[in-house]
2 protein chains.
Amino acid sequence: MLGSKDINIKEVARSLSSLIVIEGVLMLLSIPFAIYYSEDSWPIIQSSLITIGVGMFVFGISGKKNSKHVGKREAYMIVSLAWVVISLFGTLPYIFSGSIPNFTNAFFETMSGFTTTGSSVLMDIEAVPKNILFWRSMTHWIGGMGIIVLTLAIMPLLGVGASTLFAAESPGPTTDKLHPTITGTAKRLWFIYVVLTFIETILLWAGEMDFFDAICHSFATLATGGFSTKNDSIAHFGPYVQYVITIFMFLAGVSFSIHYFFSKRKWSKVFKNEEFKFYSGVIIGSTALITAILIYNFDGDFELYFRNTVFQVVSIVTTTGFVTDNYLLWPTVAWFVLVLLMFTGGSAGSTGGGIKMIRHLLLFKTAGLHLKKMVHPRAFFTIKYNGKSVREDVLFSVMGFLLFYSIIFGIGVFIMTALGLDFDTAIGASISSLGNIGPGIGNVGPVDNFAAIPQIGKWVLSIQSSVFS
Amino acid sequence: MLGSKDINIKEVARSLSSLIVIEGVLMLLSIPFAIYYSEDSWPIIQSSLITIGVGMFVFGISGKKNSKHVGKREAYMIVSLAWVVISLFGTLPYIFSGSIPNFTNAFFETMSGFTTTGSSVLMDIEAVPKNILFWRSMTHWIGGMGIIVLTLAIMPLLGVGASTLFAAESPGPTTDKLHPTITGTAKRLWFIYVVLTFIETILLWAGEMDFFDAICHSFATLATGGFSTKNDSIAHFGPYVQYVITIFMFLAGVSFSIHYFFSKRKWSKVFKNEEFKFYSGVIIGSTALITAILIYNFDGDFELYFRNTVFQVVSIVTTTGFVTDNYLLWPTVAWFVLVLLMFTGGSAGSTGGGIKMIRHLLLFKTAGLHLKKMVHPRAFFTIKYNGKSVREDVLFSVMGFLLFYSIIFGIGVFIMTALGLDFDTAIGASISSLGNIGPGIGNVGPVDNFAAIPQIGKWVLSIQSSVFS
């Protein structure tokens, strides 16, 4: 008999194998594109059959749904292993099509897709078959969907994650406000996600994009991923497309529970939400600052500088990583602001990665409190969020998270420099992978890719990108 | 009648003017060097007379010691203004001698001296008259003395500062263990400081240094300052001098209460002190790591690499800033470790600046706790320091400090890049001034100086260097 302390391995295997089967089925969605563009559809069919086959085999041997306890330990194990397992099978289309023959590179690209990081090893994206690029964008979309459900439906039940922190006491984004069950919550979130993807696809298609580019970029936008189908990312397209993508990146970085409340016309829950206001404020403030710097330093078109700035600010804050301009050619002070923004991240409960706005908001409040205490050492102060007091252990947990984040960032830079990368590149690669952004600074800047990173470095960055996903 | 809320301005003026008079008297100590080296002693006499004169005049008009309340507000005001006021008069010898004719540059050099930062604007140090260089080293020594008394005698009474944090509950370095009165504590600390300075001077003099170089370098070492009398800093001297300075930099970075307990043979208070063990561990670990990297990358003399490494590690950890080798020519990973060490700082209650070891120790413990809580969300853990539990508000205050430190560091980098400095130089200049180190990275590296920083930048760095002093 199993002791109550034993992990219910069979249930973990059942869950993971279900995910793999779903992954295999979703691969089949690439086939219409292979047919339409007269490409070889065999690699994707092969990948799909192997993935579904292995998934069904493991599902079969893991037995019927048993009544044994499925608790936090099992849930943790499923979540931790899910990224690795789906990334392993996700490499198959790249390998079989020969688009990325090297396993390390293919794994890096797949992990970068599922974690919605968007760093690429592809030197010539446009030479890759469309059906494979569709799968590549699909990894973003699946990853984004997974992240929302994880952060808003599953993790609160486990008692972890940013959106959970405030569930107990504050009227912030909490799961139970949407629906009492995981499935109910997940369905509502997916519905919003699908609707937003649909609208963006239509809007992009109505512009200068064809349907293929439109859907691929919508997948990458809503997931805050950043994979483009073009070598020069969104710089390939005109102002209309760039503004549409800016707006949808902004929406993807908002908590999906805010979208839900918006759809229910609960305006006060939307516009009085402090994280939402802070997120908007950071974007507006940074955009104004950088636009001013660019106009001060260069002559020319205000609209162009504003558009490039707002696009890049939203792209980096939301951790999407699309690019319209080589920001490393801007004055250092302008791209230094972008480097600072690489440490922000979207809202809790969005598809955006990184530290998240709510943690920064609470950190700023804590710093303010520290200042007040320096002046009045014996006075008693509390920190409020959305009108209610925040417990000290919540603040403590936020600072613990930041500390842990900083340590992993530092270890990443250390390993990258040990592999021979220069200081700027090492900083750029480490923060970009940790925050799931995509481009960084140095030799992994907006017009570069990650192909030149040593193999060990790619594994380290893959691990880093999954740590906080 | 004055309300109880009014600041006792007269008492503030009395204290500050006493400091100025003392400063003016100490300037006279340069005269013997002017005579010995047949230099013009008029500039230093002039500076001294003006300083003493102004001090005595203000002391005179501020009236007799009055019985009104002298509380925390007055003490804060004295401490905050003291740095500025003594730096203002401290510029006189530079200006009158023509060594640094520009006021901004002279103020930067003086503030860099008193805060024990050690960043210099001098292009050719050896061309400056010895008596002025003696005053320059003296600013370090006065500053170091001030910092010890502030952190171990005055700030605990105000309820602020690193060494205070742990006074209430832990057997760490606390003031009252030394002596119940400020004066009693200060006398004991000064005695240790003077004795260590004396011993180092003798040891250096016994080596290849003359008396002038020996005393100037001892002043700079014990204060963890970093001003040298040579253009190539300690690279000018041989292994014996370099090892002696390494040892005394190490001692200067230890809490002076540890020195006191050592002199009283209370061994357990020394060797069981967690901060002392952590401080030693960081230095030993970093030295081993960097030495290994250098030997792996270059052929040659083990002793040379070890010596350069241990010197540079101790110099940066203690925030002294002496240099024996251009570490920017080392592999990036080696000097990246030094960049990380720029964020450490000496022990609380030492002359070393920066974040301080005890805060890092508690941060690591907090990060460990955070990890444990992720695995066991409901278990109860406490953090212990020197065998006793640390209250949550103490940890909170440590993290508040770090947050505040990070924000000021970021603002510093932002302003430096806005002034046109490149990314690396901006990072180097900001952390170097904030942590009172001296050299940084980029164009303010170990073989550069701060002369090329724009004037506004020098003011910003001066302010930064005094924030946490």
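For the reader, a short list of remarks on this structure follows.
- Once the Kirkwood radius over Cα pairs is known for the stretch B:424-468, the Stokes-Einstein relation at 37 °C and 0.692 mPa s delivers a diffusion coefficient of 325 µm²/s.
- The share of alpha-carbon pairs in the stretch B:345-469 lying farther apart than 19 Å comes to 55%.
- Cut-off under 5 Å, modelled amide H: who pairs with B:Gly118 long-range: B:Gly113
- Between the stretch A:427-454 and the stretch A:78-122, the alpha-carbon center distance in angstrom: 17 Å
- 7 Å along Cα→Cβ, label-point gaps from A:Ile284 to other copies, nm, shortest first: 5.6
- Three-way shape label, the stretch B:260-369, alpha-carbon gyration tensor, a/c 1.5: prolate
- Kirkwood-type radius of the stretch B:295-348, with distances r between different C-alpha atoms, in Å: 11.6 Å
- Excluding same-chain neighbours fewer than eight residues apart, the lysines reachable from B:Lys130 by a Cα-Cα span under 21 Å are B:Lys230.
- The mean of 1/r over all pairs of different alpha-carbon atoms in the stretch B:349-415, once inverted, gives a Kirkwood hydrodynamic radius of 13.6 Å.
- Inter-copy label distances for A:Lys272: 5.6 nm (label point placed 7 Å from Cα along Cα→Cβ; shortest first).
- Here B:Ile411 yields copy-to-copy label distances, from shortest upward, of 3.3 nm, the label point defined as 7 Å from Cα along Cα to C-beta.
- Axis-proximal residue, chain B, for the rotation superposing B on A (Cβ, Å): B:Met399, 2
- Of the trypsin sites (Lys or Arg not before Pro) found in the stretch A:349-413, the ones in coil according to DSSP and having at most 12 other Cβ atoms within 10 Å of their Cβ are A:Arg378.
- Summed side-chain charge close to B:Asn326 - residues other than B:Asn326 whose Cβ falls under 12 Å, Lys, Arg +1, Asp, Glu -1: -3
- Ligands, DNA and RNA left out, the accessible area of the protein assembly as shown computed with a 1.4 Å probe is 68% carbon and sulfur.
- Shielded by partner chains, the stretch A:418-460 residues - at least 50 Å² of accessible area, 1.4 Å probe, vs chain alone: A:Phe423
- Summing charges over all other residues whose Cβ lies under 15 Å from the Cβ of B:Asn449, with Lys and Arg as +1 and Asp and Glu as -1, gives -2.
- If the convex hull is drawn through the Cα atoms of the stretch A:230-275, its volume per residue in Å³: 97 Å³
- Around B:Val121: net Lys/Arg minus Asp/Glu count, Cβ-Cβ under 10 Å: 0
- Each residue of the stretch B:221-233 was assigned a 3J(HN,Hα) from its phi angle through the Karplus curve 6.51 cos²θ - 1.76 cosθ + 1.60 (θ = phi - 60°); the sequence is 6, 5, 8, 6, x, x, 5, 10, 8, 10, 4, 9, 6 Hz, with glycine and proline shown as x.
- Computed packing ranks the peptides A:314-325, B:229-240, A:131-142 as A:314-325, A:131-142, B:229-240, most packed first, by mean other Cβ atoms within 10 Å.
- In sequence order, calculated HN-Hα J values of the stretch A:271-285 (Karplus, 6.51, -1.76, 1.60; Hz; x Gly/Pro): 7, 9, 5, 5, 5, 4, 5, 5, 4, 5, x, 4, 5, 5, x
- Candidate lysines - alpha carbon under 20 Å from B:Lys458, same-chain residues fewer than 8 apart omitted: none
- The mean number of partner chain beta-carbon atoms within 10 angstrom of a residue's beta-carbon across peptide B:397-408 is 5.
- Prolate/oblate/rounded call for the protein assembly as shown, Cα gyration tensor, a/c under 1.5 rounded: prolate
- Amide H partners (placed H, <5 Å) of A:Tyr385, local residues excluded: A:Val390
- Sites A:Ile411 and B:Ala292, calculated FRET efficiency, Cβ-Cβ separation with R0 22 Å, nearest 0.05: 0.80
- Rg to Rh, two decimals, where the stretch A:186-227 supplies the alpha carbon set and Rh follows Kirkwood: 1.01
- Cα gyration tensor category, rounded, prolate or oblate, for the stretch A:215-291 with a/c compared to 1.5: oblate
- Heavy-atom accessible area, 1.4 Å probe, ligands and nucleic acids excluded: residues of the stretch B:285-304 down by at least 50 Å² from chain alone: none
- Remark: chain A is approximated by an ellipsoid whose semi-axes, taken from the C-alpha gyration tensor as √(5λ), come to 32, 30, 22 Å, largest first.
The values are calculated or read from the model by the stated rules, or taken from the named source; none is laboratory data. Nothing here was measured: the structure is a model prediction, and the numbers come from that model. Glycine gets a Cβ as well: all are built from the backbone with ideal geometry, and neighbour counts include every protein chain shown. Only protein heavy atoms, including side chains, enter the accessible area calculation; ligands, DNA and RNA are left aside. Shrake-Rupley method; radii C 1.70, N 1.55, O 1.52, S 1.80 Å.
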